[in-house]
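Okay, structure first, notes after.
The values are calculated or read from the model by the stated rules, or taken from the named source; none is laboratory data. Predicted model, so just to flag it, every value in this text is computed and none were measured. So basically every Cβ, Gly included, is an ideal-geometry build from the backbone, and we count neighbours across all protein chains shown. Keep in mind that these areas ignore ligands, DNA and RNA; they rest on the heavy atoms of the full protein, side chains included. Shrake-Rupley method; radii C 1.70, N 1.55, O 1.52, S 1.80 Å.
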Amino acid sequence: MDMLLQVLVSSVLLAAVYFLLSLGLNIILGVLDIVNFAHGAMLIVGAYATYYLYEYTGLSPWLLVFVDMIVVGGLGAILYLGYLQFTVNSPLVRMFALIGFSSVVVSSILVISGSDFRTVHLDYGTVDILGLPVRVSQIVAFGVALILGGATLFLLNYTKVGKAIRAVVDDRVSLWICGVNDKRLSLLAFTVGTALAGAAGGVLATYVTFGPDSGLSFAIIAFAVVILGGLGDLVGGALASLVVALVLTSVTVYWSSALTNTALFILVLLVLLVRPRGILGRGRV
Amino acid sequence: MTLLSSLNISAGYGDLLAIEDMSVDLEEGSLLGVVGPNGAGKSTLLRALMGIVALRSGRVIWRGSDIGGLPADARARLGIAMVQEGRRLFPSLSVEDNLLLGAYHASRAERRERQEEVLALFPALRDILGRTASVLSGGEQQMVAVGRALMSRPSCLLIDEPSLGLAPIIVDEIYKTLPKLLGAGVSIILVEQEVGRVLSIADLLVVLHEGRKVYEGAGTEFRERPDALAEVYLGNVSAVGGGN
């Protein structure tokens, strides 16, 4: 019984991180129709930025999450302005460019930092939740992920710019007719999406150990959440995050961590069979 | 004074040339009706004027300046608005958000003021402001589409097939607003398949056929001789005393 409770508590805490992990990917895919193959690289840049800044400055890693957002968001803006905006009609070229960018990022990290796995060690102690000891750092990570996820949902649902970003997804031409320049909105969406990836990387740095290649496994989780939640459906994404966290934690605890990716693929395939538009049936196809 | 003109414009999609060498003029404060059978190029003409479809040749003139190279959003900011065929609202947004996006660049107070003006024109929208656009009836959608276009306080309104797929009683409601808009100083280009409706309010009528303008004449000319339009459609343009 204790084990089940542990799985549930861990899954809820992890779900918020997974949601944050998928948020940027979902926005970029939904608004720009860009499958961001560099999402994992963006995550890992955020993770390393937090690691080194924490090592050298001693600043709170939770504060550094916002620095990650600026660094990785800025990197995303440069990538979009410098290349991606010119590839609207060339999805293959775009895919190659994003994969190439990822390779450059991973190689650069290898050269600069080596292949050692790292993590941000935080010793904030533990607190009791339902009689179970839970690391305070995990609860703070949960809180930061919730705040960033909530802020993003607020931005998209309650601000003029956010509604215009949603309108890009609905009908780009109609937005032009309203006098709105969708190119600026697209740049904003890509920058916000990559900034969120950076933030997610920063949070992950306090949660797990990571190496130069770890971005891929995080990106796979993010893709699974986006597909299960339904493309463009952020509320569905939140629910999917919980499902993915429950499945991955259960598999790790009851079977083997080696089976997590297999379980993830089976889960995605099964859900897609019955809910092709995502868990809530509201996603775009 | 001429507000908006196309000068010998050609436009199309891929290998298809949908309109060719098309020239039309919209005078300030007037309604220009554009009619013609399916595939005549009516919608393409509007899309080319709005900047949604790129010109292959020719020029689009707005208040004396060539705007042919401007994108659609820039033309909208000049004062050209459009109601597209099929309404094309933002389905995931509420009616209110759809309307407010029509005045994206206005201040918050200004947007609220304009929204009140639109609600005065379409009082039925007041009760459904919070409803998601995807669940609206066709008539409600059309009211929102016209309302959204008016939110920018345009000088020129391009309307594409407002009667398409709607019950006649709803179409009547939509058409009742057009004289009010003209009275408020909005010039209109109205594309329509229901020739009778356009004829009843057009100052000038243009007939298109297979991507070309085959006739242009005053609305009164056709209203006085209802048979003349049929003759134009059949190709005998001399029956109404001229043409282009």
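Just a few scattered comments:
- Members of the stretch A:263-285 that are part of a helix (DSSP H, G or I) and under 20 Å from the mean Cα position of the chain (by Cα): A:263, A:264, A:265, A:267, A:268
- Considering the stretch B:60-75, and only residues there that are open to solvent by 10 Å² or more (accessible area, probe 1.4 Å), in contact with a strand residue (DSSP E or B) (Cβ under 9 Å, 6 or more places away or on another chain) and not acidic (Asp, Glu), the residue that is nearest to the other protein chains (Cβ to nearest Cβ) turns out to be B:70.
- Any hit, the stretch A:211-228, residues being part of a helix (DSSP H, G or I) and within 14 Å of chain B (Cβ to nearest Cβ): no
- For the stretch A:255-264, filtering for residues that are touching a residue at least 12 places away in the same chain (Cβ under 8 Å) and surrounded by fewer than 16 Cβ atoms within 10 Å (Cβ to Cβ) leaves 1.
- Out of B:43, B:5, B:57, one residue alone is polar (S, T, N, Q), within 14 Å of another protein chain (Cβ to nearest Cβ) and in contact with a strand residue (DSSP E or B) (Cβ under 8 Å, 6 or more places away or on another chain). It is B:43.
- Subset of the stretch A:175-190 [assigned to a helix (DSSP H, G or I) and surrounded by 24 or more Cβ atoms within 10 Å (Cβ to Cβ)]: A:175, A:177, A:189, A:190
- Exactly one residue out of A:43, A:81 is within 30 Å of residue A:27 (Cα to Cα), surrounded by 13 or more Cβ atoms within 10 Å (Cβ to Cβ) and over 21 Å from the mean Cα position of the chain (by Cα): that is A:81.
- Wholly within the stretch A:1-119, helices (runs of 4 or more DSSP H) carrying at least 1 residues that are within 22 Å of residue A:182 (Cβ to Cβ), modelled with pLDDT under 90 and of a type in the set (Val, Ile, Thr): A:2-32
- Some residue of the stretch A:103-119 being without any contact (Cβ under 8 Å) to a residue 40 or more places away in the chain, in contact with a helix residue (DSSP H, G or I) (Cβ under 6 Å, 6 or more places away or on another chain) and either more than 25 Å from residue A:233 (Cα to Cα) or open to solvent by 30 Å² or more (accessible area, probe 1.4 Å) (or both): no
- Residues of the stretch A:215-237 that are farther than 27 Å from residue B:91 by Cβ, of a type outside the set (A, V, I, L, M) and open to solvent by 10 Å² or more (accessible area, probe 1.4 Å): A:217, A:218.
- Selection of the stretch B:132-141 for residues being part of a helix (DSSP H, G or I) and either within 14 Å of chain A (Cβ to nearest Cβ) or open to solvent by 20 Å² or more (accessible area, probe 1.4 Å) (or both) yields B:133, B:134, B:135, B:138, B:140, B:141.
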